[in-house]
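Below is one structure, written out as structure tokens; the observations come after it.
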Amino acid sequence: MTIYQTGLSPTEHETWSRLVSQGISRSVAGLTEMVGTEVVITRLDPPRRIAMKDVPDLIGGAEAMTVAVYLRVSGCATGHMLLVFQPETAFELVDMLLDLAPGTTTDLGDMERSAIGEMGNIMGSFFLNALADSTNLPLMPSPPAVMMDMAGSILNSALVEIFMESEDLLVVDTVFGTKDRQLNGTFLMMPSEDLVTAMVKREPAS
């Protein structure tokens, strides 16, 4: 999980981190409902800052082939979400989502892309719902777009607005999985500066 963040005080930083933790938990709960088996967070690291230019390294380097689901955030302000996996992990997820034998999926056709897109939509929607419930701010995801390309190309095309607004990111790494397997993915949540400010200034819902 990667969170775009800029110019926050320590108290605001703590508020944003708390909201994100709630969002992660809700997002994984949504994935549990979708796959029909319990998915749990196996690692959630403390926040750390990285330079924007180093973002591709989070997902294997600029030339690493990746599968990503992109959703644009709208509502009280804008933002971007990317759920990124190595192709092999994405294929394994498709097998789980479609109740196929392990190793069945080896490429992404229309049906496989639809399954991955719906997973990204569920996780993104649950994440935004958790933030909205805590702040009473309207947040909505766009329909998911599924991409399979080199990490650098995906980031450049999807995140050009963010690259223009900030030079660094606050990163929170998370790993989730089932009792039988561990699924390594990166969930990048990058709200605009206006959205971060609106959320950390808003009193939590009672």
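Over region 1-159, what is the relative contact order in whole percent, taking alpha-carbon pairs under 8 Å and six or more residues apart?
On the way: 204 pairs, mean separation 51.9, N = 159.
After rounding, I find 33 percent.
Express the Stokes-Einstein translational diffusion coefficient of region 2-201 in µm² s⁻¹, to the nearest whole number, given a Kirkwood radius over alpha-carbon pairs, 25 °C and a viscosity of 0.890 mPa s. Display every interim value, and only then the final one.
Working: Rh = 16.9 Å.
For the chosen part, D equals 145 µm²/s.
Tell me, Asp180, Asp133 in order of fewest to most beta-carbon neighbours within 10 Å? List each step's numbers first, then the result.
Numbers: Asp180 8, Asp133 15.
Ranking Asp180, Asp133 by Cβ neighbours within 10 Å, fewest first, gives Asp180, Asp133.
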Exercise. For Arg18 paired with Asp57, estimate the spin-label separation in nm (one decimal), with each label point 7 Å from Cα along the Cα-to-Cβ line.
Key: 3.2
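No value in this document is a laboratory result; all are computed from the given coordinates. Computed from a predicted structure; not experimentally measured. Using ideal geometry, Cβ is built from the backbone for each residue, glycine included, and neighbour counts are taken over all protein chains shown.
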